[in-house]
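Student: One structure, as structure tokens, below. Some questions next.
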Amino acid sequence: MSTKPPTKNTLKMTWQTFISSSSWRWFKKVTVLIIFSLVINHLAERESFPGSDSYSFPIVGFLASIVLCILIGIITEVNFQYYKKKHFSKKVEMATIAWFMASTLGYITLMYIPVNFIFSLVVDGQIEFYYLLIGLLITLLLSFILIGLSYAQDVYNLYKSSLKDAVVTIESGAKTTKLAYENIACFYSENKVVFAVKTDGTTISTDFILNELEEKINNQLFYRANRQIIVHKDAVEEIEKIENGKLRIQLKAAIENDAIKEINISRYKRKEFMNWFQS
């Protein structure tokens, strides 16, 4: 049996598959981690500075920083997966990202202090609070920068997906329909039945209740106007100020439906609605 050497196309396809996989993502992170640890530890002390007459490889510091970075990486990834499932899948905004970063840095702080205590006791048996504090501040600063660089693309992809590619699965009796967000004008409740109205004006009955639906969909695009209606931002054509500080919403002409012909926003929700609509 003869074997042929891999062709250029085969190698190219293999390489493209690799760089598009999660393995490539982790390979890049591990490479950055090793380079970062080498640079930091070679600059940390005079004896480990390259070119020094008393140069010695900072093996202890290098291994300690590798372990610390691995722990930080695990904490960050676990927290990111939690936020991805709990928050980012529904809404990606600056406040949510800030909470993710703040909580991650908080968990890193809780991890850093006992780990540093243990490491100091094992190495030289001494604990200096000044260096503990400085080390913690530097670790948090570098963690903030590296986490931001490492997860910026992931968060951006989630943001694009939540706005454009997301779908809502609608069950109506024995029938299941998937509707893309961009094809939905609004949802409304009538006689205890929730209907989905498409951008072409067609209506689909669903098995949802509005409260349940409100928890599922992306509230950057959808807004609960009142107890009966959830409206899509792009479906709004006109906003009119009416009596008692209320607003009246008019949907686009293609969406013809008497049940949603006139949508009112109470004066209590007026500011919230306008902030959502203008964001």
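The values are calculated or read from the model by the stated rules, or taken from the named source; none is laboratory data. Source: prediction; values computed, not measured. Quick reminder, even Gly has a Cβ in these numbers, built from the backbone with ideal geometry, and neighbours come from all protein chains shown. We work out accessible area using only protein heavy atoms, side chains counted, and drop any ligands, DNA or RNA first. Shrake-Rupley method; radii C 1.70, N 1.55, O 1.52, S 1.80 Å.
Student: Divide, for the range 71-218, the radius of gyration over alpha carbons by 2.2 N^0.38 Å, where N is the residue count.
Tutor: Values: Rg = 22.9 Å, N = 148, 2.2 N^0.38 = 14.7 Å.
Against the compact-globule rule of thumb, the ratio is 1.56.
Student: Let me know the Kirkwood hydrodynamic radius for the range 156-279, please, with Cα pairs as the basis and the value in Å to one decimal.
Tutor: Numbers: mean 1/r = 0.0672 Å⁻¹.
Result for the range 156-279 stands at 14.9 Å.
Student: Using heavy-atom solvent-accessible surface (probe 1.4 Å) with all chains present, what is the largest-first order of Lys85, Lys192?
Tutor: Details: Lys85 175, Lys192 195 Å².
In descending accessible area the options line up as Lys192, Lys85.
Student: Sequence gap at least 6, Cα distance under 8 Å: using those rules, report the relative contact order of the range 126-221 to the nearest whole percent. Write out the running numbers ahead of the final one.
Tutor: On the way: 88 pairs, mean separation 17.2, N = 96.
Here the relative contact order equals 18 percent.
Student: Please work out the average accessible area per residue across the range 147-269, using the 1.4 Å probe convention, and give it in Å². It would help to have the intermediate numbers written out before the result.
Tutor: Working: 7030 Å² over 123 residues.
Per residue, the range 147-269 has 57 Å² of solvent-accessible surface.
Student: Please arrange Asp200, Asp258 by accessible surface area, largest first, computed with a 1.4 Å probe and ligands excluded.
Tutor: Values: Asp200 95, Asp258 140 Å².
Ranked list, largest accessible area first: Asp258, Asp200.
Student: Treating only the Cβ atoms of Lys and Arg (+1) and Asp and Glu (-1) as charged, compute the dipole magnitude of the range 175-262 about its Cα centre; round to the nearest 20 debye.
Tutor: Values: 13 positive and 15 negative charges, 35 e Å.
In debye, rounded to 20, the range 175-262 gives about 160.
Student: Of Lys28/Lys216; Lys86/Lys198; Lys216/Lys271; Lys85/Lys241, which pairs sit farther than 32 Å apart, going by alpha carbon to alpha carbon? Could the numbers behind the result be given before it?
Tutor: Details: Lys28/Lys216 34 Å; Lys86/Lys198 27 Å; Lys216/Lys271 23 Å; Lys85/Lys241 38 Å.
As for pairs spanning more than 32 Å Cα to Cα, those are Lys28/Lys216; Lys85/Lys241.
Student: Let me ask you something else. Exactly which chymotrypsin sites (Phe, Trp or Tyr not before Pro) in the range 190-279 are in a DSSP loop and have at most 13 other Cβ atoms within 10 Å?
Tutor: Details: sites: Phe195, Phe208, Phe222, Tyr223, Tyr268, Phe273, Trp276, Phe277; in loops: Phe208, Tyr268.
Sparse-neighbourhood loop chymotrypsin sites (Phe, Trp or Tyr not before Pro): Tyr268.
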